[in-house]
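Working notes for the structure below.
The values are calculated or read from the model by the stated rules, or taken from the named source; none is laboratory data. Source: prediction; values computed, not measured. Ideal geometry is used to build each Cβ from the backbone, glycine not excepted, and the neighbour counts take in all protein chains shown.
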Amino acid sequence: MSNDRVINKIYVQPLGLLKGLTVSCENFKKIASGSIYFSTLKVIIRSVDDIKEEIISVADLPSYLEASSYDVRNDIIRLLHNIESKRPVLKLANGLELNWNKPIIQGVLNVTPDSFSDGGQYHDIEKSISHAREMVLAGAEIIDIGGESTKPGAKPVSIDEEKHRVIPVIKELNDLKIPLSIDSRNSEVMEKAISDGVHIINDVSALSHDPESIKIVKKCGVPVILMHAQGTPDIMQDSPKYNDVLLDIYDYLEAQINFCLEAGIAKNKIIIDPGIGFGKTLSHNLNILANLAIFHGLGVPLLIGVSRKSFIGEITGEGAAENRFPGSIAAALTCLDQGAQIIRVHDVAQTKQALSVWYAIH
């Protein structure tokens with residue numbers, strides 16, 4: 001490896017992924033102390049004017065590190081520590097918790113009249129409550145409640161309208177005995193939702209939309225899901241462009257993690273989501289999904305939302321979101337094979353069955 005050029009950043013991506021090894025794993029490492037092993041790693045070296053990649057086996061890693069410069073060696077060791085470290089159990093209010101022993105299903109509850117995925121059929125409060133309970137019985141371990149559509153081209157709604165949609169539902173779901181998350185980018189909605197029983201913030205803007213949001217997260221002591229999006233929902237699909245989609249998203253999420261850490265939010269309360277479909281073309285989405293394991297280098301749990309999304313329709317020609325379940329499962333299992341810890345879905349019962357079989361095999 002040449003050391004005569006300025007290196008801006010090092011990234012490490014696990015490769016050669018295997019599940020549930022039952023033989024000696026001396027030449028393998030684990031992702032987040034789980035059941036996904038990797039035998040090889042890609043070292044990505046990004047400088048001002050180019051990107052270089054080197055493939056190193058775990059067996060050859062010691063000699064590679066010995067031959068590397070001090071800074072490169074330390075960066076790789078730090079990133080491997082992030083990749084391999086067990087994610088701490090996430091303690092929530094009311095004695096609830098999330099552990100990362102196996103994949104977690106987050107059920108989507110859109111309390112909006114214009115959802116891309118379900119056509120607003122759960123905009124009615126009673127239907128929303130009933131659907132949430134059905135998802136829990138089907139195997140959802142988190143219910144994600146949203147009152148503002150973030151589909152491509154969606155216009156923002158008022159704070160009062162967003163609260164009017166979600167707060168009555170949250171109050172009625174306090175007896176579910178599983179975590180509730182609020183899918184919102186507005187601090188006022190977040191604060192009210194937390195006071196009425198929500199346990200987790202899920203912000204599609206990664207706390208960048210509302211400058212007061214990070215203060216609410218810190219004050220209330222709740223975990224936060226930081227999602228990457230390029231642009232706001234109304235314009236995000238207007239010709240999105242990246243220098244390198246994987247590394248640009250990685251850098252953004254790392255910056256938002258550091259933003260939280262500097263504000264006093266504990267790292268074990270941070271979850272990341274690369275934001276499939278949020279300011280990405282089909283090519284961007286497929287690149288992210290094929291190389292998802294790189295995001296474990298950030299050292300926090302990884303959530304992925306592929307359910308019913310338009311990239312599946314672009315591949316298959318299926319225009320109706322509710323008919324994209326088979327494609328959703330195919331994408332979700334690819335993510336699980338790369339160590340994703342949370343899968344955000346609409347079709348909970350079917351996903352639970354697929355995950356049960358996947359988990360039993362591995």
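Under 8 Å between Cβ atoms, at least 6 apart or on separate chains: pull out the pairs that start in the stretch 334-362 with a residue that is closer than 16 Å to Ile31 by Cβ and end on any residue that is in a helix (DSSP H, G or I) and hydroxyl-bearing (Ser, Thr, Tyr).
Note: pairs meeting the criteria are Ile343/Thr351.
Restricting attention to the stretch 185-228, which residues are without any contact (Cβ under 8 Å) to a residue 60 or more places away in the chain, touching a Ser or Thr at 6+ places or on another chain (Cβ under 6 Å) and either basic (Lys, Arg) or assigned to a loop (DSSP other than H, G, I, E, B) (or both)?
Within the stretch 185-228, Arg185, Leu207, Asp210, Glu212 qualify.
Could you please find all residues in the stretch 129-150 being closer than 16 Å to Arg308 by Cβ and β-branched (Val, Ile, Thr)?
Within the stretch 129-150, Thr150 is the sole residue that qualifies.
Only one residue in Gly305, Gly299, Gly327, Gly317 is touching a residue at least 12 places away in the same chain (Cβ under 8 Å) and on the phi > 0 side of the Ramachandran plot. Which one? Walk me through it before giving the result.
Details: Gly305 fails: on the phi > 0 side of the Ramachandran plot; Gly327 fails: on the phi > 0 side of the Ramachandran plot; Gly317 fails: touching a residue at least 12 places away in the same chain (Cβ under 8 Å).
Result of the check over Gly305, Gly299, Gly327, Gly317: Gly299.
Conditions (1) at pLDDT below 95; (2) more than 24 Å from Leu302 (Cα to Cα), marked per residue:
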{"position": "Ile7", "(1), (2)": "yes, yes"}
{"position": "Glu53", "(1), (2)": "no, no"}
{"position": "Ser63", "(1), (2)": "no, yes"}
{"position": "Glu66", "(1), (2)": "no, yes"}
{"position": "Tyr70", "(1), (2)": "yes, yes"}
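I'd like to check something: does the stretch 144-157 contain any residue that is among the aliphatic types (A, V, I, L, M), surrounded by fewer than 17 Cβ atoms within 10 Å (Cβ to Cβ) and either under 20 Å from Val222 (Cβ atoms) or assigned by TED's automatic domain parsing to the domain that holds Ile342 (or both)?
no
Does any residue of the stretch 44-54 turn out to be within 22 Å of Asp248 (Cα to Cα) and in a helix (DSSP H, G or I)? Spell out how you get there, then give the answer.
Restricting attention to the stretch 44-54, the residues satisfying the condition of being within 22 Å of Asp248 (Cα to Cα) are 44-54.
If we keep only those that are in a helix (DSSP H, G or I) too, we end up with none.
The answer is no; no qualifying residue exists.
Take Ala140 and decide whether it is part of a loop (DSSP other than H, G, I, E, B) and not assigned by TED's automatic domain parsing to the domain that holds Gly297. Spell out the reasoning first.
Details: part of a loop (DSSP other than H, G, I, E, B): yes; not assigned by TED's automatic domain parsing to the domain that holds Gly297: no.
Against the criterion (part of a loop (DSSP other than H, G, I, E, B) and not assigned by TED's automatic domain parsing to the domain that holds Gly297), Ala140 does not qualify.
Quick check: is even one residue across the stretch 245-254 assigned to a loop (DSSP other than H, G, I, E, B) and either among the small types (Gly, Ala, Ser) or surrounded by fewer than 17 Cβ atoms within 10 Å (Cβ to Cβ) (or both)?
no
Kindly list the number of the only condition in (1) surrounded by 14 or more Cβ atoms within 10 Å (Cβ to Cβ); (2) modelled with pLDDT of 95 or more; (3) in a strand (DSSP E or B) that fails for Gly16.
Going through (1) surrounded by 14 or more Cβ atoms within 10 Å (Cβ to Cβ); (2) modelled with pLDDT of 95 or more; (3) in a strand (DSSP E or B) one by one, Gly16 breaks only (2).
Restricting to helices (runs of 4 or more DSSP H) lying wholly in the stretch 296-362: which have 2 or more residues that are within 15 Å of Ile276 (Cα to Cα) and modelled with pLDDT under 95? I'd like the intermediate steps shown before the answer.
Details: elements: 310-316, 325-336, 348-361.
Because the criterion is at least 2 residues that are within 15 Å of Ile276 (Cα to Cα) and modelled with pLDDT under 95, no helices (runs of 4 or more DSSP H) in the stretch 296-362 meet it.
Scanning for something part of a loop (DSSP other than H, G, I, E, B), under 26 Å from Ile312 (Cβ atoms) and of a type in the set (Lys, Arg), does the stretch 159-178 turn up at least one residue? Show your work before the answer.
Start the filter on the stretch 159-178 by keeping residues that are part of a loop (DSSP other than H, G, I, E, B), which leaves 173-178.
With the extra rule that they be under 26 Å from Ile312 (Cβ atoms), the set shrinks to none.
There is no residue in the stretch 159-178 that is part of a loop (DSSP other than H, G, I, E, B), under 26 Å from Ile312 (Cβ atoms) and of a type in the set (Lys, Arg).
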